[in-house]
1. So how many residues does the stretch 140-181 have that are in a helix (DSSP H, G or I), out of contact with any helix residue (DSSP H, G or I) (no Cβ under 7 Å at 6 or more places or on another chain) and hydrophobic (A, V, I, L, M, F, W, C)?
2. Which members of the stretch 178-202 meet the condition of being modelled with pLDDT of 80 or more and exposed (fewer than 13 other Cβ atoms within 10 Å of the Cβ)?
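The values are calculated or read from the model by the stated rules, or taken from the named source; none is laboratory data. Since the structure is predicted, the reported quantities are computational estimates derived from the model, not experimental observations. A quick note on method: Cβ atoms are made from the backbone with ideal geometry, for glycine too, and the neighbour counts reach across all protein chains shown.
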Amino acid sequence: MNTRYPLRVTSVGLSLMCISIVGGIALAALLFLLIFLRSFEVIVALGFVGLGLNTLGFIGQIMCVSAPRNMDGKSHLYLSFFLAATSVLFANFTRFSDILLQLVPMRFLQFADPIFSLISLLMYVASTIFFLTFLKYIAIYVNSSVLEYRANHLIKSTPSLLLNFVGILIFSAILVLLNLIVPALIIFIIGTLVTFLLSISHFFSYLGLLNELSFKTRRFELPAENAMGTQ
């Protein structure tokens, strides 16, 4: 490791994550256009591009492990990895249904799929929060109070978005039970739209944080007398 520039590899990892996200946005826009044009053969080919972008982002996260050992927050990165992997397993629960049928009664499996999907979502949100916490500690390490504040804001707003949408669903369901269909529909549509717009703002704030931390860590230099402490 370059002890004078201890975050160079981490910086490259964050840059790869930015490229993965921006590429994913461009790919999603292109896929939407191709679906409209009914170019299904090209859509299949672009699926491999999407896989490559996801792999690039994953490699970027793995490279963040190179952060100095004396930096706080690396345990949050490992927890993020664990929760993300567990989330994928729960999300693909139905693929193991044939095996589970031999172990679990069918009446349970009828309810298990949505429950496992919910667990997968919660674990993904938790994984994101832990990774954002790791980014906060990077900001602290490079002495950037502005980026630390932005990371803290994202940490707090991430579960808030989920709770906001859950609240909309519950309130709309109560109105439906009270036979207030039209108000329930209006609240659901408006609430979902507001949550969607907030999610877009949250997403681009996250992308901006990754980009600025990548730039900051690339230039971050320890004083010569402290460089050996990062090994």
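1. Going through the stretch 140-181 one residue at a time, the tally reaches 9.
2. Correct list: ILE189, ILE190, LEU193, PHE196, LEU197, ILE200, SER201.
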